[in-house]
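First the structure, in the form of C-alpha cells, and then the observations on it.
The values are calculated or read from the model by the stated rules, or taken from the named source; none is laboratory data. Nothing here was measured: the structure is a model prediction, and the numbers come from that model. Reconstructed Cβ throughout: ideal geometry from the backbone, glycine too, with neighbour counts over all protein chains shown. Areas reflect the complete protein model, heavy atoms only, side chains present, ligands, DNA and RNA absent. Shrake-Rupley method; radii C 1.70, N 1.55, O 1.52, S 1.80 Å.
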Amino acid sequence: MIKKFLDLGYQPLANKYLKSYKKLSIKKKELYRLTVGFDTKTKLVSLFNKIPDKIMFDSNYPYKSSMSKTMTDSFKKLSVKIKKRFNPKLFLEIGSNDGALIKNFNKNQVICVEPCSNLARITKRKGYFTYNDYWNLNLSNKIKSKFNTVDVIYSANTLTHINNLNQVFKSISNLLTQDGILIIEDPSFLECIKKLSYDQFYNEHIYIFSALSVKKLINEFGLELFDIEKLDTHGGSLRYYIKRANNNKIKIENTVSKQISTELKFGLGNFSTYLKFGNSVKKSKNDLLKLLKTIKKKNQKIIGYGATAKASTVLNYCNIGNDMIDYFVDTTPDKKNRYMPGKNIKIKKYEKKLLNNVDYVYLGAWNFVKEIFKKEKKFIQKGGKFITHVPTPRII
Ligand code: TYD
C-alpha cells in the first residue's frame with residue numbers, strides 16, 4: 001500500500017524553461033500536484049502523479065552532465081574503476097546525456113542510449129554508437145539482436161526517471177551476460193531525509209531509491225546487490241553494484257549489509273519516519289520564507305545561483321517570486337534568458353559581474369557548494385553571503 005507523506009502543492013514541469021513568462025494553469029495541465037508516497041511493502045518512495053516520459057524527455061532537454069567539473073571528475077574516476085574492476089568488452093550506458101562518462105571509453109566498446117534527441121546527437125557526432133530511444137524491452141531486444149549481450153550496463157540518475165521499473169529491470173536482465181554487471185547511481189533517500197532536501201522531488205524523479213528498496217526491487221529479476229558506494233554527487237547518492245543472484249563468482253561486500261542496517265536504524269522501513277520528514281519540510285518552507293523576507297525588508301538584493309530542477313520545486317512550493325529573487329545565474333547555454341519554471345524569475349547566462357552589488361546568493365545548486373565557493377572567492381571576500389535551505393534554511 002502506498003501512503004502519502006508529502007504534498008509540495010501545484011508544480012510546473014521542472015526543466016521546462018519558458019522563453020517568456022506566463023502564468024501556468026492547472027486546467028490546461030501545465031501544473032500538476034506533486035505528492036509523494038511510501039510503499040509500506042516494497043519500501044519504495046514514489047510520486048503519485050507520473051508525467052509521461054515523452055513529455056519530460058524530448059528534443060529540448062536542457063540538462064547537460066558536462067556542465068559541472070564535479071560531475072565530469074566523478075565520471076572520469078568511475079571509468080578508471082570500471083575498466084580496472086570489470087574490464088568490459090561491451091559497455092552500455094542508459095541515459096548517456098552528452099557523453100560525460102562514455103568519452104572516457106573507446107568508441108568501439110560503447111553503446112549509448114539517450115531519449116533526448118538534442119543530447120543523442122552529441123554522442124552520435126562524436127562517433128559513439130547511440131540509440132536515440134527510451135529504455136524498454138523493445139529497445140533491449142533490438143540491441144540484443146545486434147550485439148547479443150553486454151558485460152556492463154551503467155545508468156546514473158536515469159532509472160528513477162522511468163515509470164515502469166519492472167520493465168526497466170526486465171530489459172536489463174534480458175541483455176546482461178551471465179557474469180554481467182549492472183551499476184546504477186541515484187540520490188539516496190537516506191541523504192535526502194538527513195539533509196531535508198525535499199527539492200529532490202520533481203516530476204522527473206518518479207522514484208527516490210534507498211538500498212532497502214533497490215534490494216527488494218531487483219530480487220524479483222534474479223539480481224542482487226554485491227557492493228554499494230557512497231557518493232557526494234547530487235546531494236548524496238549511492239552507487240549500487242548488481243550481479244545475477246546465481247553468479248557466485250563475485251563476493252558480496254559488507255558495504256551492502258552495512259548500508260541496509262544504517263537505513264533500518266534510521267527508520268527507513270517505517271512510515272512514521274516519512275511522516276516526520278513531511279512535517280519537517282513544512283517548517284523548512286516557513287523558515288526559508290522568514291529568512292528571505294527579513295533580508296528584503298532591509299532592501300538587500302538576492303539572486304539565485306544554479307537554475308536547477310530542484311530550485312523549481314523550492315520556488316513553487318514556497319511561492320518565491322521575483323519580489324524576493326531578482327534573477328538566477330546559470331552556465332547552461334540552453335537555460336539562458338529563459339524563466340524559472342512557473343515563476344517570473346529570469347535566468348541569466350553566468351558572468352562573474354552578475355554577482356556585483358548582490359548581497360545574497362540563494363544556492364539553487366547547493367549540491368555543488370564546494371565548486372561554487374571555490375569559484376566565487378572574490379564575492380565572499382567582498383562580504384557576499386550565500387543562502388541555502390539544506391539542511392535548514394540559513395545564511396552561510
Ligand atoms: P544539478 O544540480 O545537477 O541539477 P538538477 O536539480 O537540475 O538536476 O544542476 C546544476 C545546475 O547548476 C546546472 O544548470 C548548471 C548550474 N551550475 C552553474 O551555473 N554554475 C556552477 O558553477 C555549477 C557547479 C553549476
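Under the 0.36 nm per residue contour assumption, what length would be gained going from the current alpha-carbon distance of L264 and K28 to full extension?
Here the answer is 80.8 nm.
What pairs in K346/K382; K84/K170; K77/K352; K301/K382; K195/K370; K352/K377 have C-alpha atoms more than 20 Å from each other?
K346/K382; K84/K170; K77/K352
Which of rounded, prolate or oblate describes the range 182-248 when judged by the alpha-carbon gyration tensor and an a/c cut-off of 1.5?
Because a/c hits 1.5 or more and a/b exceeds b/c, the range 182-248 counts as prolate.
Which residue, I82, L13, M1, has the largest displacement toward the positive end of the dipole of the range 1-96 when charges sit on each Cβ (Lys, Arg +1; Asp, Glu -1)?
I82
Using a Förster distance of 45 angstrom, determine the FRET efficiency expected from the C-beta separation of S117 and D7, and round it to 0.05.
0.85
Which lysines, if any, have their Cα less than 17 Å from the Cα of K29, not counting same-chain residues under 8 positions apart?
Once the sequence-local lysines are set aside, what remains near K29 is K16, K50, K54, K343.
Whole number please: convex hull volume per residue of the Cα set in the chain, in Å³?
So the per-residue hull volume is 137 Å³.
Which value, in Å² rounded to 10, gives the accessible area of M340 with a 1.4 Å probe and all protein chains present?
0
For all pairs of alpha-carbon atoms in the range 132-291, what percent lies in each bin of width 5 Å, listed from the first bin to the last filled one?
The percentages, shortest bin first, are 2, 8, 16, 20, 18, 14, 9, 6, 3, 2, 1, 0.
If you take all C-alpha pairs in the range 19-63, what percent of them are over 14 Å apart?
69
Take the Cα coordinates of the range 135-188, assign each an equal point scatterer, and use the Debye formula without solvent to give log10 I(q)/I(0) at q = 0.14, 0.15, 0.29, 0.31 Å⁻¹.
-0.35, -0.40, -1.24, -1.31
Of all DSSP beta bridges in the chain, what percent run antiparallel (nearest 5)?
Antiparallel bridges: around 50 percent, rounded to the nearest 5.
When the chain is fully extended, how far beyond the present Cα-Cα distance does S66 get from Q300, taking 0.36 nm per residue of separation?
80.9 nm
If you roll a 1.4 Å probe over the chain with all protein chains in place, what percent of the accessible area is carbon or sulfur?
Summing carbon and sulfur atoms, their accessible area is 50 percent of the total for the chain.
Among DSSP bridges having both ends in the range 231-386, what percentage is antiparallel? Round to the nearest 5.
That works out to approximately 15 percent antiparallel.
Hey, got the dipole for the range 245-396? About the Cα centre, +1 on K and R Cβ, -1 on D and E Cβ, debye to the nearest 20?
Using only the charged Cβ atoms, the result is roughly 420 debye.
Using θ = phi - 60° and the Karplus form 6.51 cos²θ - 1.76 cosθ + 1.60, what ³J(HN,Hα) does each residue of the range 237-247 get, whole Hz, x for Gly and Pro?
Computed from phi, the couplings for the range 237-247 are 10, 10, 9, 9, 9, 10, 9, 6, 4, 8, 8 Hz.
With every protein chain present, what accessible area does T255 have (1.4 Å probe, heavy atoms only), rounded to the nearest 10 Å²?
Rounded to the nearest 10, that gives 40 Å².
How many Å³ per residue does the convex hull of the Cα positions in the range 1-156 occupy?
For the range 1-156, the hull spanned by Cα atoms encloses 165 Å³ per residue.
Could you calculate the contour length gain from K282 to T35, that is, 0.36 nm times the residue separation minus the distance between their Cα atoms, to one decimal place in nm?
87.6 nm
How many nm is it between the label spots at N164 and F373, if each spot is 7 Å from the Cα in line with the beta carbon?
The answer from the label model is 4.6 nm.
If I take R0 = 51 Å and measure r between the Cβ atoms of T273 and Y134 in this structure, what FRET efficiency does the formula 1/(1 + (r/R0)^6) give, to the nearest 0.05?
Taking R0 as 51 Å, the efficiency between T273 and Y134 is 0.95.
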